[in-house]
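Laboratory data are not the source of any read-out in this text; all were calculated from the coordinates shown. Predicted model, so just to flag it, every value in this text is computed and none were measured. Methodologically, a virtual Cβ is constructed for each residue, glycine included, from the backbone with ideal geometry; neighbour enumeration extends over all protein chains shown.
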Amino acid sequence: MKKKPKTKVVYKDDGETIYSMAALEGLTQEEAEKRVEERKKRVKLTRKEKRAMISAGYQVFAPILLIFVVAFAFVALVLYLIMK
């Protein structure tokens, strides 16, 4: 007796939500809906604008990071010379 080949069921995601996941984040249904509305109102940035914002952030924080690294190296050098 020959077995029939099994047909594989392909599920298609239609985007329907069975249960609201807002309660998992500690939000009420109204707060979750308000958050969705706020996300829709956000400004869309182009790729060029995003890169400009990121580079501006680096330009602001790079000197601060450099100061901390130099200060740490200076303290490490002083401690090395004292312990020598």
When the helix-only estimate is applied to the chain (DSSP H runs of n ≥ 4, each -39,500 (n - 2.57), divided by the residue count), what is the mean residue ellipticity at 222 nm, nearest 500 deg cm²/dmol?
-21000 deg cm²/dmol
Within a Gaussian network of the chain (alpha carbon springs, distance under 10 Å), most fluctuating of E37, E16, E49:
E16
Sort out the exposed loop chymotrypsin sites (Phe, Trp or Tyr not before Pro) in the chain (DSSP loop, at most 15 other Cβ within 10 Å) and tell me the longest stretch that has none.
20-84
Rounded to whole Hz and in sequence order, give me ³J(HN,Hα) for region 71-78 from the Karplus expression 6.51 cos²θ - 1.76 cosθ + 1.60, θ = phi - 60°, writing x for Gly and Pro.
5, 4, 5, 5, 5, 4, 5, 4
Compute the acute angle (0 to 90°) between the alpha-carbon long axis of helix 29-41 and the principal axis of greatest extent of the alpha-carbon atoms of the chain; round to the nearest 10°.
70
